[in-house]
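For reference, the structure discussed in these notes is given below.
The values are calculated or read from the model by the stated rules, or taken from the named source; none is laboratory data. Here the structure is a predicted model, which means the values were calculated and not measured. Positions of Cβ are backbone-derived with ideal geometry, glycine not excepted, and every protein chain shown enters the neighbour counts.
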There are 2 protein chains.
Amino acid sequence: MHWKILQLLKNRSPAYLSGEEAAGLLAVSRTAVWKNIKLLQKKGYRIESSTRRGYRLLESPDLLYPAEISEHLATSLIAAAPSLIKHHAQVGSTNTILKELAEDGAPEGTVALAEEQKQGKGRLGRSWASPFAKGLWLSILLRPAVAPQEAQNLTLLSATATAKAIAKTAPPLQPGIKWPNDLLLKGRKCCGILTELKAEADLLHYIIIGVGINVNADKKDFPEELRESATSLSLESGGVVPRVKLCSAVLQELDDSYREFLLHGPEPALEEWKRWNITLGKRVTLKTMSGIFAGTAVDLEKNGALVIEDDFGHQQSFLAGEVSLIPERKITN
Amino acid sequence: MHWKILQLLKNRSPAYLSGEEAAGLLAVSRTAVWKNIKLLQKKGYRIESSTRRGYRLLESPDLLYPAEISEHLATSLIAAAPSLIKHHAQVGSTNTILKELAEDGAPEGTVALAEEQKQGKGRLGRSWASPFAKGLWLSILLRPAVAPQEAQNLTLLSATATAKAIAKTAPPLQPGIKWPNDLLLKGRKCCGILTELKAEADLLHYIIIGVGINVNADKKDFPEELRESATSLSLESGGVVPRVKLCSAVLQELDDSYREFLLHGPEPALEEWKRWNITLGKRVTLKTMSGIFAGTAVDLEKNGALVIEDDFGHQQSFLAGEVSLIPERKITN
C-alpha cells in the first residue's frame, strides 16, 4: 500500500496531501496512512509532515525500487510488470540470484536488481566491484526459442541497448563498444556484460544477461589495479547520473531490441552494434585460449564473430577472446 | 578387492583358481576370498565353487561395471580411470546425475552409466524409454575451452563416434546419421543424443553428451507409439549385442574424436559426419519453431548448420529443427 501512497504524494507534489484525503482515497484509516508514510521514510523517501497541511514529498532516494523503475517503462516483455522486477539491497550476484529463479521456472523478462553485490561476477570468472548504490547491477532472464549459437548475438544486442540507454540518460556521453560487449568512455571501461546460459546443443533453455554499469562510482570505489582502466558515468560526465532513469532506459532499450531480434533475427542488432562499436577498423590484439593474435579488426560476422586481418592480409574469425585496442596515438580528447 | 579377485579368475579361466592361491596373491585370508566371491556372485557373475579345485568363472553378466568397461579402454581423457566411471543400477536420467556432478566440479571425462533410467530424456523435453540392461544409457562430461557455438559440432562428432562404435561392435550394422544426431538403421531410430550445456556467451563451462542406444531391446520394450519408428541393434542384427564391449567402443571412439577436435578443430569431425550421414542429398522436411521447410538437404556448414535448398533453388541454413527424410521409394533393403 505504501507505493500507492507514494503515487498520491508524487501526483500532488510540490503541494501537500492531507492524511484525511489519502485515507479517503485509499479507503483506509489515517493511522494506516501515517504508518505507511513512516515506511516510505524508512525506505529513504524524504517526506515532510505538517499537522495542519499533511504530507509532502521532498525527495525520492535514487534506489531501484520496482515501483520507481516501472513508472518509466513501456516494455512488453522485459520487466513488463512490477512483479517481474526482483529488487535486493544486497546479493552475492544478480546473475546467481536470477539463475536460481530461472531453474524454478521464472518467466521470460524477470529482472534481478541489487543496490550492492558482494560477489559481483565479470567475464571469465573475474570479479566485478559493485559498491552500494554506486552503479547498476542488474540481470535479465530471457527464454528465446533459438539455438545457443544466438547467445553471442544477444550479448552484442545488450551492449548496444545499454550504450543507447547511457547516451540518452547521460548526454553527452557516447559509449563505444569494444568487441564483444565492453562499453568504454575515453578508452576506459564503464560497463561490462556477463551472459550465462543453459541449453541443449540446438535449443536455449534460458539466457541470463548480467549488466554492470559504473554509474556514480568515484575513483576510490574501484580496486586499485583498475583505477587506470575503469571509469564511471559520473566521472566522465561531471555530474550525478540518476540510476532509476538509467535502469528504466536500459530495460526499455533492451525490450525494444529483443523484440526486434525475435521478429527479424539478429541482423538489425548487428548493424546497430557496428554503429556503436569502436573495434572495427582498429589495430587490436586478441588474447585467446590458443594464443595472442594481432592485426586489424575488419568485420563482424553474422554469428557475432570478430574478423581480424593480420599484416599479411590473412583473415581469421574469432568467437571468443579478449580484445585490446592499440592506440594509434595518445588519446587526448 | 572383489574386482582384483575377478581379474585373477579371468586370467585363470577356464581353469580353476584355488582359494589358497588367491589368498596368497592378495595377502588376505581365505575367508576374505570367499566373501568376495559371494559378492561377485551377487553382482551377477556365475562362479563355480569346488571344495577341491577352488573357483572358476563360468560367465560374466553383461552389466556395465566400471572395472569391466575399463578393461577394454585405452582412452586419455574420457573415462581415463575407472574412478571416472559412475555406474548406477537405476537413475532418473544419466544427464541429470552428471549435471549435479559437473556443478560440484567433476573433472572432464567423467561418465555416468545406468542400467535403467526412470526418467530418460530425449531432445526437446521428450522422454526416452530406457529399460533395465536393454540399452546403453550413458552421459559424458566435457569441459573444452571453446565457445558454446561449438556445442553443435560436439553433438555431430558424438553421433559419428557412436555410429562407428556400433559398426565395429555389431557388424554388419551400419547406422546412418539423420541430422543432427539421430542414428537410424533401415530408417528406424536406434540411438539418440541429448547434449546439454552451461556457458557464458563465448565460453563453455561444461557440456554433457547423453547417448541412448537401444541395444538388446525387443519390440515390446518400446512404447506403443514408437514401435514403427524405433528399433534396436539386436532387432536389426538378429543377435544379442554385448553391451560392455559396445560401451567401451563408444567411449574409445569419442575419446579419439574429441582429442582430434581439441587439436585440429571441428573440420575432421564434420567430414566424418558427412561420410556417415544419410541426410545430405535427400528430400527432407524440417520442422522449426518458425514453421516447416521442405526441400533438399544440400550441405553441412562449418558451424553444424544444415543447408536446405527449396524447389526454387533458394538456400537457407538451419541450426535447429527436426528433420524428416522423405523416402523417394519404398525402402526395401
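Things to note:
- Given (1) within 14 Å of another protein chain (Cβ to nearest Cβ); (2) modelled with pLDDT under 95, number of the condition A:Arg227 does not satisfy: (1)
- Selection status of B:Thr169, hydroxyl-bearing (Ser, Thr, Tyr), at pLDDT 95 or above and touching a strand residue (DSSP E or B) at 6+ places or on another chain (Cβ under 9 Å): no
- Residue in the stretch A:99-108 that is among the charged types (D, E, K, R) and in a loop (DSSP other than H, G, I, E, B) present: yes
- Filter result for A:Ala199 (within 14 Å of chain B (Cβ to nearest Cβ), touching a Pro at 6+ places or on another chain (Cβ under 8 Å) and either modelled with pLDDT of 95 or more or not in a loop (DSSP other than H, G, I, E, B) (or both)): yes
- Count - residues of the stretch B:274-323 that are hydrophobic (A, V, I, L, M, F, W, C) and either within 14 Å of chain A (Cβ to nearest Cβ) or within 21 Å of B:Ala161 (Cα to Cα) (or both): 12
- Per-region count, the stretch B:21-66, residues surrounded by fewer than 16 Cβ atoms within 10 Å (Cβ to Cβ) and either part of a strand (DSSP E or B) or among the β-branched types (Val, Ile, Thr) (or both): 8
- Taken as a whole, the condition of being in contact with a strand residue (DSSP E or B) (Cβ under 7 Å, 6 or more places away or on another chain), surrounded by 14 or more Cβ atoms within 10 Å (Cβ to Cβ), in the same structural domain as B:Ala159 (by TED's automatic domain parsing) and within 25 Å of A:Leu204 (Cα to Cα) does not apply to B:Leu113.
- Candidates B:Thr96, B:Thr51, filtered to the one that is β-branched (Val, Ile, Thr) and in contact (Cβ under 8 Å) with a residue 12 or more places away in the chain: B:Thr96
- Across the stretch A:1-50, the number of residues qualifying as in contact with a Pro (Cβ under 8 Å, 6 or more places away or on another chain) and of a type outside the set (Lys, Arg) comes to 2.
- Every residue from the stretch A:231-248 that is among the small types (Gly, Ala, Ser) and crowded, with 23+ Cβ neighbours inside 10 Å: A:Ser232, A:Ser248
- Scanning the stretch A:161-196 for residues that are small (Gly, Ala, Ser) and more than 14 Å from every other protein chain (Cβ to nearest Cβ) yields A:Ala161, A:Ala163, A:Ala165, A:Ala167, A:Ala170, A:Gly176, A:Gly187.
- Verdict on A:Glu150 being in contact with a helix residue (DSSP H, G or I) (Cβ under 7 Å, 6 or more places away or on another chain), within 14 Å of another protein chain (Cβ to nearest Cβ) and either farther than 23 Å from A:Thr231 by Cβ or of a type in the set (Gly, Ala, Ser) (or both): no
- A:Gln119 meets the conditions (1) crowded, with 24+ Cβ neighbours inside 10 Å; (2) closer than 27 Å to A:Val323 by Cα; (3) more than 14 Å from chain B (Cβ to nearest Cβ) in every case but one. The failed one is (1).
- Cross-chain or 6+ apart pairs with Cβ under 6 Å, the stretch A:76-92 first and more than 9 Å from A:Gly109 (Cα to Cα) and assigned by TED's automatic domain parsing to the domain that holds A:Leu251, then among the charged types (D, E, K, R) and in a loop (DSSP other than H, G, I, E, B): A:Gly92/A:Lys118
- Considering the stretch A:262-311, the residues that are assigned to a loop (DSSP other than H, G, I, E, B) and polar (S, T, N, Q) include one that is surrounded by the most Cβ atoms within 10 Å (Cβ to Cβ), namely A:Thr279.
- The stretch A:124-145, residues that are within 14 Å of chain B (Cβ to nearest Cβ) and under 15 Å from the mean Cα position of the chain (by Cα): A:Trp128, A:Ser139, A:Ile140, A:Leu142
- Which listed residue, of B:Leu235, B:Leu185, is without any contact (Cβ under 8 Å) to a residue 24 or more places away in the chain, in contact with a helix residue (DSSP H, G or I) (Cβ under 9 Å, 6 or more places away or on another chain) and more than 30 Å from A:Arg123 (Cα to Cα): B:Leu235
- Residues of the stretch A:55-88 satisfying the condition of being under 21 Å from A:Pro131 (Cβ atoms) and of a type in the set (Asp, Glu): A:Asp62, A:Glu68
- Among (1) under 25 Å from A:Glu116 (Cβ atoms); (2) outside any loop (DSSP other than H, G, I, E, B); (3) more than 12 Å from every other protein chain (Cβ to nearest Cβ) - the single one A:Ser158 does not satisfy: (3)
- Residues of the stretch B:127-155 classified as assigned to a loop (DSSP other than H, G, I, E, B) and in contact (Cβ under 8 Å) with a residue 60 or more places away in the chain, total: 7
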